[in-house]
Amino acid sequence: MSLLPKIRTIINNVICSSNIPLGIRGTIYGSVRGFSKDNEIDITNPQTEDFPIELDKNPYEKPKIQCILCKHNINPDYKNVRLLSQFQSSYTGRIYGRHITGLCARKQKLVESEITKAQNAGLMPYMTKIIDFVNDPQLFNPDHPSRPHSY
Ligand SMILES: [Zn+2]
C-alpha cells in the first residue's frame, strides 16, 4: 500500500468522523470550494479589501498657479525701490504690463500704485531706471512676454 491512499483515508476519517459536528464539516468543505456563507463579501463593511479606497485628496488635481509675488508672499512697498525697479523698463522707465510681468491682477495694480507713489516721493525716476539696479538678476524676460500682447 502506497503512502497517498493512506493519507487520503486519514483525512477522510478526520473530516467525516462523527466527532466533528455537521455544521463545521460543512464550513470546511465550503471554505475550500469558496461557496460558504462565511466567505461572502460583506457589502456594508468598507474595510473589505475589494472595496475602492477613498482618498482624502484628488490625485489628478492641477497644481495651483501663482504669480511670483503671491508665491513668496511679498507685498510691494514704495520704499522697496530695488524690487519695484524690476517692473520698470531700463530704457523708458515705463512700468511693464501684466503680459510681461506675469503677475496676478491684484499684485500688478499694487505694484503700479507703489511705483507711482515712489516716483512722487522722489525715490524712483520717471523716465529711466536707477543705474545701480540695471544689472540686477531679472524676475522675467521683457522680450518674451508670458502672455500675448493685448493689442
Ligand atoms: Zn498673485
Legend entry - Residues satisfying the stated conditions in the range 46-78, i.e. touching an Asp or Glu at 6+ places or on another chain (Cβ under 9 Å) and surrounded by 13 or more Cβ atoms within 10 Å (Cβ to Cβ): Pro76, Asp77, Tyr78
Inset, instruction - Looking only at the range 100-151, count how many residues are surrounded by 13 or more Cβ atoms within 10 Å (Cβ to Cβ), within 16 Å of the ligand (Cβ to nearest atom) and at pLDDT below 95. - result: 8
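The values are calculated or read from the model by the stated rules, or taken from the named source; none is laboratory data. None of the values given here were measured: they were computed from a predicted structure. Cβ coordinates were reconstructed from backbone atoms using ideal geometry, including for glycine residues, and neighbour counts include every protein chain displayed.
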